[in-house]
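Remarks on the structure that follows.
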Amino acid sequence: MSLPPCDVAVVGAGAVGAACAYFAASAGHRVTVVDRGAIASGTSSACEGNILVSDKEAGPELDLALYSLQVWLTDLAEYGELWEFEAKGGLVVTATERGFAAASELIARHRARGINVEDVDATGLRDLEPHLNPAIAAGAYYPQDAQVQPMLLVAHLLRLARERGACVLTGAEVTGFRRERDRVVGVRTSRGDLAAGAVVNAAGTWAGEVARLAGVSVPVLPRRGFVLVTERLRATVRHKVYAAEYVSDVASSDEALQSSPVVEGTPAGTILIGATRERTGFDRAFSPAAVARLARGALALFPVLASVHVMRSYLGFRPYCPDHLPIIGPDPRAPGLWHACGHEGAGIGLSVGTGSLLAQALSADATALDLAPFAPDRFAEDR
Ligand SMILES: Cc1cc2nc3c(=O)[nH]c(=O)nc-3n(C[C@H](O)[C@H](O)[C@H](O)COP(=O)(O)OP(=O)(O)OC[C@H]3O[C@@H](n4cnc5c(N)ncnc54)[C@H](O)[C@@H]3O)c2cc1C
């Protein structure tokens, strides 16, 4: 059976695939999104929704974060309420010398890049976060950090894409690629063949498997993370608050369990407590050790949480790339195949910049940001 042909087939209906679909459809392409599950059934429904500049190392990822922020605040500004966009700001706090040294160097690089960072003393910390542990004496406030609700983001971006002519096909697993000589000309799915001028691999943590079906490799691996969700409270935590050690955990490639506290409130009143990182494959087993470290870390920042109930925990698999940069752009090893994957722990924040840039490239326009650092064939084994 054949499905109606399209210009752009997007594999994956997570935040990244939805953003690619929205911007490609807005640019006039006929788009079909295929996902083997439901929409947002991958990592985009097992994460938090932070949109951060504060944790990005200066360089291509920070450039993409700043470009994405611009897209959130301009192209998508009118839709912000749909996905609970909240420009709440991020507060990085430091309790140890190790954390302070790492934070001050990064803050200096951020300032050099023009990012607004405000030093906060003990009194300022109490004004921003009245329940913060009084033992914490210094911090930095990033007013540009923001937050969205990821599942609402995916649902509404796909709805907006459909209003621009896109089709969304769920329960359709991509099982192979259609080829004409070297060129990729569509995908084979469990619901039929789909002819497409271009195929975008937005399969998140599973992007390596999809790429392999096209005969190329992209080194995307799962990096597991747990999150705790508390009962609803009233404005106990006002910003995204995290310990400076979080930044070095994000940048590390260690396979062992890492945990540094990240605590934030949501519009629903719950508090989300992250974030662990470990490379354990696709193991979905509950880890008491990881969750206990999350709870201890949160209490170190907000002792007031000691009497608060945790409602549930969940886990997700970040799409990790060895150099901590996503893979965005055309794949010269399989013309017609494009990638938008490997965003690790930042795929919600970076989704809209990625989708916008990919649509520019698909339309053969000059891209607002150089895609070279994100090239799919940049990894040594492929060269
Ligand atoms: C605990 C945790 C906290 C996080 N917090 C944040 C945060 O605060 N801010 C942030 O920006 N990011 C965060 N992230 C990272 C973020 O969740 C991911 O980077 C992002 O969700 C990736 O989106 P995606 O669209 O690339 O992938 P996904 O959402 O995983 O979507 C990929 C889709 O591809 C589909 N698929 C796979 N294989 C096939 C196939 N063969 N055929 C058809 N469909 C297929 C899957 O079903 C899936 O729906 C967090 C992640 C975790 C685990």
Listed peptides 173-182, 32-41, 223-232 by packing density, highest first (mean Cβ within 10 Å): 32-41, 223-232, 173-182
Just want the answer: with Cβ charges of +1 for Lys and Arg and -1 for Asp and Glu, which residue in Ala196, His110, Ala368 is farthest toward the dipole's positive end in the chain? Ala196
Per the 1/(1 + (r/R0)^6) rule, R0 = 41 Å and r from the Cβ atoms of Ser190 and Arg312, FRET efficiency to 0.05 is 0.80
In vacuo Debye sum over C-alpha of the range 279-361, base-10 log of normalised intensity I(q)/I(0) at q = 0.12, 0.22, 0.25 Å⁻¹, listed in q order, is -0.58, -1.08, -1.20
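What dipole magnitude, in Debye to the nearest 20, does the chain give about its Cα centre under +1 on Lys/Arg Cβ and -1 on Asp/Glu Cβ?
940 debye
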Sorted peptide list for 136-146, 194-204, criterion being average Cβ within 10 angstrom, highest first: 194-204, 136-146
Compute the long axis of helix 351-362 from its Cα atoms, compare it with the longest principal axis of the Cα atoms of the chain, and write down the angle in degrees, 0 to 90, nearest 10. 30 degrees
Counting each DSSP H run of 4 or more residues in the chain as -39500 (n - 2.57), what helix-only mean residue ellipticity at 222 nm follows after dividing by all residues, to the nearest 500 deg cm²/dmol? -8000 deg cm²/dmol
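Using per-residue counts of other Cβ atoms within 10 Å, averaged over each peptide, order 301-309, 5-13 from highest down. It would help to have the intermediate numbers written out before the result.
Working: 301-309: 15.3, 5-13: 26.6.
Packing proxy ranking, top to bottom: 5-13, 301-309.
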Output the antiparallel fraction of DSSP beta bridges having both residues in the chain, as a percent to the nearest 5. 70 percent
Can you give me the long-range amide H partners of Ala198? Hydrogens built in the peptide plane at 1.01 Å from N, cutoff under 5 Å, separation of 5 or more residues or another chain. Val8, Ala9
Could you work out how far helix 15-26 tilts from the main Cα principal axis of the chain, as a 0 to 90 degree angle to the nearest 10? 50 degrees
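Which percent of the accessible heavy-atom area of the chain goes to carbon and sulfur, probe 1.4 angstrom?
Details: 8110 of 15190 Å².
Reported share for carbon and sulfur atoms: 53 percent.
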Does the range 14-81 classify as rounded, prolate or oblate by the C-alpha gyration tensor (a ≥ b ≥ c root eigenvalues; a/c under 1.5 gives rounded; else a/b over b/c gives prolate, otherwise oblate)? oblate
Angle check, please: helix 97-112 long axis (alpha carbons) against the longest principal axis of the chain (alpha carbons), in degrees 0 to 90, nearest 10. 60 degrees
Rounded to whole Å², per residue accessible area for the chain with a 1.4 Å probe reads 40 Å²
Give me the distance between the Cα centres of the range 4-22 and the range 324-381, rounded to whole Å. 14 Å
Tally Lys/Arg at +1 and Asp/Glu at -1 over every other residue whose Cβ is under 13 Å from the Cβ of Arg109; what's the total? -2
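The values are calculated or read from the model by the stated rules, or taken from the named source; none is laboratory data. If you're wondering where the values come from, they're calculated on a predicted model, not measured in any experiment. Because the Cβ atoms are built from the backbone with ideal geometry, glycine has one as well, and the counts that use them run over all protein chains shown. Areas reflect the complete protein model, heavy atoms only, side chains present, ligands, DNA and RNA absent. Shrake-Rupley method; radii C 1.70, N 1.55, O 1.52, S 1.80 Å.
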